[in-house]
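For reference, the structure is listed below as structure tokens.
The values are calculated or read from the model by the stated rules, or taken from the named source; none is laboratory data. All values derive from a computational prediction rather than experimental measurement. Ideal geometry is used to build each Cβ from the backbone, glycine not excepted, and the neighbour counts take in all protein chains shown. Calculation scope for accessible area: heavy atoms of the full protein, side chains included, ligands and nucleic acids excluded. Shrake-Rupley method; radii C 1.70, N 1.55, O 1.52, S 1.80 Å.
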Amino acid sequence: MSVSNKRSRITAPDLKARKGGEPIVSLTAYSAPMASFLDAVTDVFIVGDSVGMVLYGLPSTLGVTLEMMIGHGAAVVRGSSRACVTVDMPFGTYQESPEQAFRNAAKVIKRTGCGAVKIEGGVEMAETVAFLVDRGIPVMGHVGLMPQSVNKLGGYKAVGRNKEEAAAIISDARAISDAGAFSIVVEGVMESIGRAVTHSVPIPTVGIGASAECDGQVLVSEDMLGLFNDFTPRFVKRYADLSLEIEKAATNYSKDVKARRFPGPDNVSQPAAVKKE
Ligand code: KIV
């Protein structure tokens, strides 16, 4: 047997071992090119069901199907070589029973080559998390604001606003951790709850709108790049405004087309992509 020197991907156990250590850098990705741009700095790609809103223009994540997640998950695996790829299980594909969850999660793993799946839920999903983990499927949990419960919540607002709700979120995180999850996304909670959850579990918390008290952070890539402007949560830090760049490029392209400024293969003086106005 030969020893390969190919660099291997970050795994779920690698991420679990980062508790309290170097912060985990996580971003969403839905496509091979985006994954390739972000791979070098990302520890874990979450192929989120937010793809439904961000790429498909759906009003919520509820219409996202397993086939959509498999297509996007496989693309992100193909476009990356370093980050652990974790694929969201969409609404209705895991809540019915542990067996349903295993059947669908196994499909996701086989057809995408991803390293883990993510499911939303707390105490009520602990049995399912244990069932998957016992059968070889690494699971990332997701507590706090759970977008798949938007109809029950009545909207996307921060949760844990009173003592009972805060205690329930901590119990949810403990239950998912005790069930064997390798990490938990904590979404839409105040700093005190982000801190309490992080201190209550022996696995890393990855926050989104949950303060710097978590063991890592995740953002929807299109939010942080300024590529999705329909709705931007207040906590999102913007690092670029690429939608403006796209509009500028498209305007310049359209000017070139109208002015018939397009070279053929015989009169290209420089690559069109680097040509400046
Ligand atoms: O669907 C999603 O994009 C997510 C991440 C933001 C954690 O769940």
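Here are the numbers:
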{"item": "Residue check, L66 open to solvent by 50 Å² or more (accessible area, probe 1.4 Å), within 15 Å of the ligand (Cβ to nearest atom), within 17 Å of the chain's Cα centre (by Cα) and touching a residue at least 12 places away in the same chain (Cβ under 8 Å)", "result": "no"}
{"item": "Positions within segment 204-245 being assigned to a strand (DSSP E or B) and under 21 Å from A35 (Cβ atoms), in sequence order", "result": "V206, I208, G216, Q217, V218, L219"}
{"item": "Per-region count, segment 139-168, residues open to solvent by less than 10 Å² (accessible area, probe 1.4 Å) and away from the ligand (no atom under 14 Å from the Cβ)", "result": "1"}
{"item": "Residue within segment 100-119 that is away from the ligand (no atom under 16 Å from the Cβ), open to solvent by 10 Å² or more (accessible area, probe 1.4 Å) and touching a Ser or Thr at 6+ places or on another chain (Cβ under 6 Å) present", "result": "yes"}
{"item": "Any hit, segment 244-256, residues being open to solvent by 60 Å² or more (accessible area, probe 1.4 Å) and at pLDDT below 95", "result": "no"}
{"item": "Unmet criterion (only one of (1) farther than 16 Å from S50 by Cα; (2) buried (at least 23 other Cβ atoms within 10 Å of the Cβ); (3) within 15 Å of the ligand (Cβ to nearest atom)) for F235", "result": "(2)"}
